[in-house]
Amino acid sequence: MQTNHASPIFLIISVVYVLLVISLIALVVFLLVSLASKGDERKTHIKIKAMANAFIVLFGILLLNVIWTIYRMVIGQAGSPYPFVYLFVVSLVFLISLIINKKKYGD
């Protein structure tokens with residue numbers, strides 16, 4: 001009789017994935033709360049700078065993804081997008097940019 005136990009590596013990867021998803025959700029909630037708070041012109045300027053940096057990174061990632069997808073189509077392989085990865089990267093860039101701009105412009 002053969003038992004079907006999950007390997008420890010699979011369990012570790014699953015836990016790391018769940019922790020990343022939870023941290024992503026917490027990060028997005030933090031970003032939405034920070035955007036919703038009202039402030040003066042300096043806070044608005046800081047947020048706009050952070051959003052611009054995040055948009056530039058998102059544009060670069062999507063451009064690289066388009067090039068990679070076209071390459072995979074040419075060689076005959078299918079590709080799939082990973083929206084959680086894009087959301088995580090853009091959220092992380094926005095958070096880092098927001099922290100840097102807050103320190104730079106004093107909030």
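The values are calculated or read from the model by the stated rules, or taken from the named source; none is laboratory data. All values derive from a computational prediction rather than experimental measurement. Note that we place each Cβ from the backbone using ideal geometry, even for glycine, and neighbour counts take in every protein chain shown.
What the table shows:
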| quantity | calculated |
| --- | --- |
| Breaking point among (1) over 19 Å from the mean Cα position of the chain (by Cα); (2) at pLDDT 75 or above, for LYS47 | (1) |
| Every pair of residues 6+ apart whose Cβ atoms lie under 7 Å, when the first sits in region 91-107 and is in a loop (DSSP other than H, G, I, E, B) while the second is buried (at least 19 other Cβ atoms within 10 Å of the Cβ) and at pLDDT below 80 | ASP107/ILE46 |
| Test: VAL28 is among the hydrophobic types (A, V, I, L, M, F, W, C), modelled with pLDDT under 75 and either surrounded by 10 or more Cβ atoms within 10 Å (Cβ to Cβ) or touching a strand residue (DSSP E or B) at 6+ places or on another chain (Cβ under 6 Å) (or both) | yes |
| Members of region 61-91 found to be surrounded by 12 or more Cβ atoms within 10 Å (Cβ to Cβ) and at pLDDT 80 or above, listed by number | ILE61 |
| Qualifying position, being in contact with a helix residue (DSSP H, G or I) (Cβ under 8 Å, 6 or more places away or on another chain) and modelled with pLDDT of 75 or more, among LEU35, LEU58 | LEU58 |
| Where VAL15 falls short, out of the listed (1) at pLDDT below 80; (2) within 19 Å of the chain's Cα centre (by Cα) | (1) |
